[in-house]
Amino acid sequence: MDKIEHIGIAVRDLEKSNDLYAKLLGKSHYKMEEVLSEGVRTSFFEVGPNKIELLEATSVESPIAGFLDKKGEGIHHIAFAVDDIVAEMKRLESEGFKLLNKEPKLGADNKLVAFVHPKTAGGVLVELCQERK
Ligand SMILES: C[C@@H](C(=O)O)C(=O)SCCNC(=O)CCNC(=O)[C@H](O)C(C)(C)COP(=O)(O)OP(=O)(O)OC[C@H]1O[C@@H](n2cnc3c(N)ncnc32)[C@H](O)[C@@H]1OP(=O)(O)O
Ligand SMILES: [Co+2]
């Protein structure tokens, strides 16, 4: 795996959190994007070579809605950039990690993504992220 691509943070109100993180980081978000398949509205902040991804739920079935109910606002996942997502999914599976999707799916930023179950990754929801080639 390469660098940390982004850290995903679950928030209840994206507009309010955009203001909060703009104050915290000293700069505004550079884009917002809705990812229908994941039931989220996102906004992105650049922090050096990494990003902060704020996530608001767009439906009650969204993983973010469930997370907010159980744990409240806060860090939801860590995303790592990978060069070959299919190879990395196979490698992790052979190491005993449980992948939450069988095939890569389209995430934000036109990237291919896959998730590793937090119960098999020390309590951390891990996202793999590959630039589309
Ligand atoms: C846009 C895209 C992108 O970047 O491109 C994104 O990031 S989309 C980001 C949103 N999409 C996703 O998160 C997709 C992958 N996530 C999922 O499939 C789900 O959220 C699961 C991680 C499988 C959890 O769903 P499930 O229905 O099992 O919820 P649950 O509340 O019953 O959780 C089962 C157990 O996992 C724990 N758990 C749940 N979510 C967690 C998280 N984010 N970090 C750490 N632990 C977590 C719960 O506390 C619980 O533990 P206990 O049993 O001990 O109570
Ligand atoms: Co993410």
Average accessible area per residue (Å²) across the chain - probe 1.4 Å, nucleic acids and ligands excluded: 57
Computed accessible area, residue 37, all protein chains, 1.4 angstrom probe, square angstrom: 90
Loop-located GluC sites (Glu not before Pro) in the range 75-130, at most 14 other Cβ atoms within 10 Å (DSSP): 95
Anisotropy class of the range 83-129 from Cα gyration tensor, a/c 1.5 cut: oblate
The chain: C-alpha pair distances exceeding 23 Å, %: 31
Over the chain: helical MRE at 222 nm, DSSP H runs n ≥ 4 each giving -39500 (n - 2.57), nearest 500: -7000 deg cm²/dmol
Environment charge at residue 51 (Cβ cut-off 9 Å; Lys +1, Arg +1, Asp -1, Glu -1): -4
Pairwise FRET efficiency - residue 37 versus residue 13, Cβ, R0 = 35 Å, nearest 0.05: 0.95
Carbon plus sulfur fraction of accessible area for the chain, probe 1.4 Å, in percent: 54
Cα-based reach from residue 27 at 17 Å (exclusive), listing aspartates and glutamates while leaving out same-chain residues under 8 positions away: 15, 19, 46, 53
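The values are calculated or read from the model by the stated rules, or taken from the named source; none is laboratory data. The model shown is predicted, which means the values in this text are computed figures rather than measured ones. A quick note on method: Cβ atoms are made from the backbone with ideal geometry, for glycine too, and the neighbour counts reach across all protein chains shown. When the accessible area is computed, the model is the full protein with side chains, heavy atoms only, and any ligands, DNA or RNA have been set aside. Shrake-Rupley method; radii C 1.70, N 1.55, O 1.52, S 1.80 Å.
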